[in-house]
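Take a look at the structure set out below.
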Amino acid sequence: MPAAAAPSNGRWLAWARAAGWTLCLLASLARTASAQVPSEPPQATETRLLRAAEEATARHGELSPEHFVALAALNDHHYFLQNNAKWVALTQRLVDLRTRAHGPDHLWVARAWLNLGAAHMSNRQPDLALQPLQRALAIREQQLGPEHVDVAFALTNLGGVYLQLARYAEARAALERALVMREKLLGPEHLFVSWTVSFLGQVHMAVGDPATALRLFRRELSIREQQPAATRHGSLDRLIAESLSNVSSAQRALGDLDGARASARRDLELATRNDGQAGPTLRGALNDNGLLALSMGEYGEALALLQRALDMALQIDGPAHRNVGHQISNLGLLLHRAGDPARAVPMHERAVAIDQAALGSSHPLVAAPAPPGRSAG
């Protein structure tokens, strides 16, 4: 199920997928109900889950617990397959149904608002995620008080959205409050603490304070590496790879190229082990190593790595995705540094066009694009 995490250098795709958004739709009931039959095609699964929801409505009513369980299973299905348009539509419906069933200030409604915010973030629309997450926070503070683990969760996710919207003062305020709360309630080495710390590091990188960011990223990495050995595989290794990317980016910004290279190479090793020949974590690691090679004047190596990262972004995300625009921008930067402005300028223009098409020309991330990193955001 979706789980909360922090984007690294604007990497909200990983944030909204393997690492991010622990939104307990209906806990184990939903996961059990949404389990796919072995060898069942995704469309057949969707049809089966839709039929189950219709049957629950007919037997028990639209606002019954049985119907909510069935819709949660369908919601999980859309999330796992990244059917973002369907996910957004269904989460909005769940907000409406939960509000009718429980009233506007119920904790189930707060959970539905959080899920809608996650769906908008997965759809690369932080502007649309903002209001749902603000509403979720307000309900949780009203019902649970100002200091609760679920309030800290909502604050962390809201801080991440402010980060994506380049509203850095608001992001820092929300995240620092969440960090104090999580450290007190969960302990300083809890995995959830690492996500809040990572967001704060991103804020400091964005405002030009890589020294503070590096301290935070190293803490993020340390927390993740100290998790129990039984969990050191799969998604946690991807989180560690992203933490290494963060550390490398901050080291590079501070001029510590040897340290940055060591971190980036370890990032690439972990990403290759987890993603195989293609995957978003591997694409990010290739990009990180390419930018580092560029910083060191190794243009041939940088070109090979960045071109491979672009090819992978096109394969994973499609030509209109902002990750593709970001990779094109990095290749343009390489060509500019290599003294080839005739090829660099069209690449920059193409990257800007992708951003404008995805977000609109007035969007803050178009007006103030993210620095080079694992994704554009």
The value for the range 33-137 (convex hull of the alpha-carbon atoms, volume per residue, Å³) is 85
Relative contact order as a percentage, the range 89-133, C-alpha pairs under 8 Å and 6+ apart, gives 32
Toy charge model, Lys and Arg Cβ at +1, Asp and Glu Cβ at -1: the range 79-189 dipole around Cα centroid in debye, rounded to 20, equals 340
Ranked output for segments 135-143, 332-340, 41-49 by mean other Cβ atoms within 10 Å, highest leading, reads 135-143, 332-340, 41-49
Expressed in µm² per second, the diffusion coefficient of the range 197-336 from the Stokes-Einstein equation, with Rh the Kirkwood radius over alpha carbon pairs, at 4 °C and 1.567 mPa s, is 85
Once phi for every residue in the range 305-315 is put through the Karplus expression 6.51 cos²θ - 1.76 cosθ + 1.60 (θ = phi - 60°), the whole-Hz ³J(HN,Hα) values, with Gly and Pro written as x, are 5, 5, 5, 5, 5, 5, 4, 5, 4, 4, 5
So, relative contact order of the range 286-337 in percent, Cα under 8 Å, 6 or more apart, is 35
Subtracting the Cα-Cα distance of Lys184 and Thr99 from 0.36 nm times their residue separation yields 27.4 nm
Taking the reciprocal of mean 1/r across every pair of different Cα atoms in the range 213-292, the Kirkwood radius in Å is 12.3
Checked the range 130-233 with the C-alpha gyration tensor, a ≥ b ≥ c its square-rooted eigenvalues, rounded below a/c of 1.5, otherwise prolate if a/b is larger than b/c and oblate if not; verdict oblate
Taking every other residue with Cβ under 15 Å from the Cβ of Glu183 and scoring Lys and Arg +1, Asp and Glu -1, one gets 0
Taking Cα pairs closer than 8 Å and at least 6 residues apart, the relative contact order of the range 202-354 in percent is 15
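Bear in mind that the values in this text are calculations on the coordinates, not laboratory data. These numbers come from a predicted model, not from an experiment. Reconstructed Cβ throughout: ideal geometry from the backbone, glycine too, with neighbour counts over all protein chains shown.
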